[in-house]
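The values are calculated or read from the model by the stated rules, or taken from the named source; none is laboratory data. Keep in mind that what you see is a predicted model, and the values were worked out from it rather than measured. Backbone-built Cβ (ideal geometry, glycine too); neighbour counts: all protein chains shown.
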């Protein structure tokens, strides 16, 4: 599904992944000379600023399960004149040596994983003693758009991309502490974007994980969904556009100095 979404991923509704990617790199304290692994790198929203921050004296690597995302991330890193290794890899089975990175980052990816506990244990293993972890997830939804949930309330599909949302700070902190991370803190970050119209809203819904749900709906249900949404959206314009506030939860922690979690 992410292979199919890759061409428009973060290309509509503003490049909000870029905004939060930069913030994740900043808050995780990535420095020149660091060795950074970006897990679930997508098109490079975290990987590009991480590679820029570590510089020529450091090392950046990105992994993603989607070959299309990996290809686009490579292109973006190269276009920025940066250097990073980008590979197809499973977050729950990282093919990296123990203690090979000083920072592991995962932007908006942990909630897709069937076994997030296994993944964060892998993140822990990949870090040097004292190394840093930084994860981002989505927090509270903009209440002005809560009607979207109502439109989809009756939808029953075989597969949903999000396994566990980790949209509560306590859940995210518990996940990291359970893997042995110390000094765990979770902070909230907000970012405002604007949609041009109902057509951009519809294109946006096909550009990220919700696409996996929409692809399972019959054409007539999709048309009904789009009509109902357009009616709601018609009442939401402010100064000619559609405001949307996004909240991200950013969890930070540190691997302890001992060899075992």
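Of the residues making up segment 136-152, those that are out of contact with any strand residue (DSSP E or B) (no Cβ under 6 Å at 6 or more places or on another chain), in a loop (DSSP other than H, G, I, E, B) and surrounded by 13 or more Cβ atoms within 10 Å (Cβ to Cβ) number 1.
Among the residues of segment 86-123, those that are at negative phi and more than 19 Å from the chain's Cα centre (by Cα) comprise 95, 96, 97, 98, 100, 101, 102. What residue, of 5, 35, 61, is under 30 Å from residue 195 (Cβ atoms) and touching a residue at least 40 places away in the same chain (Cβ under 8 Å)? 5 is the lone residue from the list that is under 30 Å from residue 195 (Cβ atoms) and touching a residue at least 40 places away in the same chain (Cβ under 8 Å).
Based on what the data block shows, is residue 46 touching a helix residue (DSSP H, G or I) at 6+ places or on another chain (Cβ under 7 Å) and closer than 30 Å to residue 199 by Cα?
yes
I'd like the full set of residues that are in contact with a helix residue (DSSP H, G or I) (Cβ under 8 Å, 6 or more places away or on another chain), within 17 Å of residue 28 (Cα to Cα) and either without any contact (Cβ under 8 Å) to a residue 60 or more places away in the chain or outside any strand (DSSP E or B) (or both), limited to segment 176-189. The one that is in contact with a helix residue (DSSP H, G or I) (Cβ under 8 Å, 6 or more places away or on another chain), within 17 Å of residue 28 (Cα to Cα) and either without any contact (Cβ under 8 Å) to a residue 60 or more places away in the chain or outside any strand (DSSP E or B) (or both): 176.
Out of segment 153-173, which residues are in a helix (DSSP H, G or I), out of contact with any strand residue (DSSP E or B) (no Cβ under 6 Å at 6 or more places or on another chain) and surrounded by 15 or more Cβ atoms within 10 Å (Cβ to Cβ)?
Correct list: 171 only.
With respect to the conditions (1) farther than 30 Å from residue 140 by Cα; (2) touching a residue at least 12 places away in the same chain (Cβ under 8 Å), residue 66 falls short on a single one, namely (1). When the criteria are applied in full, residue 195 fails the requirement of being touching a strand residue (DSSP E or B) at 6+ places or on another chain (Cβ under 9 Å) and farther than 26 Å from residue 14 by Cα.
The rows are residues; the columns are (1) over 30 Å from residue 214 (Cα atoms); (2) at pLDDT 95 or above; (3) in a loop (DSSP other than H, G, I, E, B).
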site: 24; (1), (2), (3): no, yes, no
site: 33; (1), (2), (3): yes, yes, yes
site: 61; (1), (2), (3): yes, yes, no
site: 68; (1), (2), (3): no, yes, no
site: 77; (1), (2), (3): yes, yes, no
site: 95; (1), (2), (3): yes, yes, yes
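Filtered by the rule that a residue be surrounded by 14 or more Cβ atoms within 10 Å (Cβ to Cβ) and within 20 Å of residue 211 (Cβ to Cβ), segment 110-135 gives 110, 111, 112, 113. Taking segment 190-236 as the range and being touching a residue at least 40 places away in the same chain (Cβ under 8 Å) and part of a loop (DSSP other than H, G, I, E, B) as the test, the residues that pass are 196, 197, 206, 207, 208, 209, 210, 215, 216, 217, 236.
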